[in-house]
Amino acid sequence: MAVSEAIENYLETIYILSRKQNEVHAIDICSYLSYSRPTVSIVLRQMREHGLVTVNEDNHIFLTEEGLRIASRVYERHEVLTGMLTMLGVSRETALRDACKIEHDLSDETFEAIKRHMQRHMPQDAAAQEDDR
């Protein structure tokens, strides 16, 4: 299933939040993305309908297997691209913003080539650095 850039951003946000905290709620997504509650609610409903997230009786949001697959793919792209841009001398703040723009449109072939290059040339300590978005 093809998903929009907006949905990819929501899934990546849920993924990032779930790595930092035990429970993810809609309000956490609102705060992280600076979006209104109604906007987030509409998108969450769409993601539930497409089988990308589930919400339990306590309103905790979970990625489904498919949601996790997409979110982790986008997250990996973001991390690798941010690393590449900072390695080229771009400030971390700019690299984070630009990586977010690039991660959705880059072909798999190009991304895999960048990833291979980064694995060969990026210092191990920089590769292990945790995302601080």
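With θ taken as phi - 60° and the Karplus curve 6.51 cos²θ - 1.76 cosθ + 1.60 applied, the whole-hertz 3J(HN,Hα) list for the stretch 106-115 is 6, 5, 4, 4, 5, 4, 4, 5, 5, 4 Hz, x standing for glycine and proline.
To the nearest whole percent, what portion of all C-alpha pairs in the chain is separated by more than 18 angstrom? Of all Cα-Cα pairs in the chain, 56 percent lie more than 18 Å apart. Here the stretch 1-31 and the stretch 64-94 have alpha carbon centers that stand 14 Å from each other.
Working note: Cα atoms of the stretch 73-126, range along each principal axis, descending, whole Å: 25, 24, 16.
All Cα-Cα distances of the stretch 5-69, cut into 10 Å bins from zero to the largest, leave 22, 65, 12 percent in each bin in turn. Gain on full extension, evaluated as 0.36 nm per residue between Leu33 and Glu76 minus their Cα-Cα distance, stands at 13.6 nm.
Values in this text are rule-based calculations from the coordinates and carry no lab data. Because the structure is a prediction, the values reported are computed rather than measured.
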